[in-house]
Amino acid sequence: MSSLQRRQQPGSPVASEPSFHSETFSGSNGHKIAYDPRDLEEGDERSRQPRLTLMEEILLMGLKDKQGYLSFWNDNISYALRGCIILDLAFRGRISMQRDPARRRLPLSDRLIEVVDDRLTGEVLLDEALKLMKSSEPMSVATWIDLMSGETWNLMKIGYQLKQVRERLAKGLVDKGILRTEKRNFLLFDMATHPVSDTGAKDEIRRRTISVLTARTVILNSSPLIPEEVPFRYLRTVAMVCAAYAANVLENALSSLGHDERDRAFVRVDELLGEYSQWPFAARPGVTTGGVGVNLAQEISDELNGSKDKELQVEVVAAALNVFTRLDSIL
C-alpha cells in the first residue's frame, strides 16, 4: 500500500493532511512521471533503519536454531518484547517524552510519552502500537508495556493488548528469509515451529552481543543487519543486549564462552542496565568494570551530542530499560 493510499483511508491519523501534492520528473523516454516527494522521504528514512527490529533480534536470540521454538519455561520474553516496541518506536523517532519540566518530579518509567511522528514504519507490530498510542491519551512507558502485555485489571483497556506477538514476529522473520516454517509433533498436538534458515543473521547478533560484553574496545562494523547509516548504533546495541537480559535469552548468545567469561559478561550487562536505565545516563567515558568496553560510553555520548534534538526520545529509551530492571530474572 502506498503512502498516498494510507493517507486517504478514512479514520487514518493522517487523513486530515493537506491534499496530495505531486512533482514530476522526466523518464528515460521523455515522459513526465508524477510522484509524491513524501514517498521518497519515507523510502530514505526506512533505508536508514536496521534490517531487523529489536523485537525480532530478541526473538531470534531466544529461538533454538534447529528446533525452531522458544523455551517453554521463559516467562519474561513476552513482557520484554513489548518493551522492545517502545524502544523501537523511540529509536525511529515516533514517540518521545512529553516536553513538560514537571515530569522530572516523577519516576522515569512513570513519565508520560506521546506520539511526535505518526508516519507508519512498515513494521506491522510497531504500526499497530503506534496507532494505539496516537488514539489514546498520553500514558507512561510502564503503563504502555503493561497494557500491551495484557497486564491490567481495567476492562476498558484490555483492547490495548497486542496478541500473538511471538508468532507474528516469527512469521515476519520467515518473510525476511531469516526463519522457515515447519510442523512439529508434540505428543498430543502439532505446532508450527520456525527453525533458523539464515544462520549468518543470528551469528552476527551473537558477535555484536559478545563484543559489547567482553571486548576492551567495542567496534560495531557496518553490516546488512545494522548499516553505518543507522542512528544510535551503539546505544541501540546496548538496548538490545539489556532487552535480551530482561527476556532471559542472553545466555543463548553467550554459549560459546567459557564459564568464567560468561559470568563476567552477566556482570557487565547488569552494569550496563544500571547505567542506561537512568536519565541522564550514568555511564562515564573510560570508567568500566574489568576494562570492558572502555570506549562505549564515549561512543554513545558522541551519538547523543550529534542528536541534541532527540533527547526526549532517548529519555524514553532510558525509561524502557528502567522497566526492565523490575523483571524477576534481574532482581
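Values quoted throughout were computed directly from the atomic coordinates according to the rules given, and no laboratory measurement underlies them. None of these values were measured; they are calculated from a predicted model. Cβ placement follows ideal geometry from the backbone for every residue including glycine, while neighbour counts extend to all protein chains displayed.
What is the pair-distance distribution P(r) of segment 179-251, computed from all Cα-Cα distances in 5 Å bins starting at 0, with each bin given as a whole percent?
3, 13, 19, 19, 16, 11, 7, 6, 4, 1, 0
Can you list the residues, at least 5 places off or on another chain, whose amide H is less than 5 Å from the amide H of residue 150, using H built in the peptide plane?
Excluding prolines and chain starts, which carry no amide H, the hits are 162.
Using only the Cα atoms of segment 201-292, build the gyration tensor, take square roots of its eigenvalues as a ≥ b ≥ c, and label the shape rounded, prolate or oblate: rounded if a/c is under 1.5, else prolate if a/b is larger than b/c, else oblate.
Rounded.
For segment 131-245, max minus min Cα coordinate along each principal axis, in Å, sorted largest first?
49, 43, 24 Å, listed from the longest principal axis down.
Under the Kirkwood approximation applied to all pairs of distinct alpha-carbon atoms, what is the hydrodynamic radius of segment 93-181 in Å? Please report the intermediate quantities before stating the final value.
Details: mean 1/r = 0.0685 Å⁻¹.
Mean inverse Cα-Cα distance, inverted, gives 14.6 Å.
So for segment 66-176, if I pair up every lysine 8 or more residues apart or on another chain, how many of those pairs have alpha-carbons under 28 Å apart?
Number of lysine pairs found: 14.
Please arrange 217, 152 by how many other C-beta atoms lie within 10 Å of their C-beta, fewest to most. The partial results should precede the final answer.
Working: 217 12, 152 15.
Ordered by Cβ neighbours within 10 Å, fewest first: 217, 152.
Rounded to the nearest 20 Debye, what is the dipole magnitude of segment 177-331 about its Cα centre when Lys and Arg each give +1 and Asp and Glu each give -1 at the C-beta?
220 debye
Cα atoms only, segment 175-331: Rg and Dmax in Å?
Reported Rg and Dmax, both Å: 17.3, 56.
Just need the relative contact order of segment 131-288 here, percent rounded to a whole number, with Cα pairs under 8 Å and 6+ apart.
So the answer I get is 12 percent.
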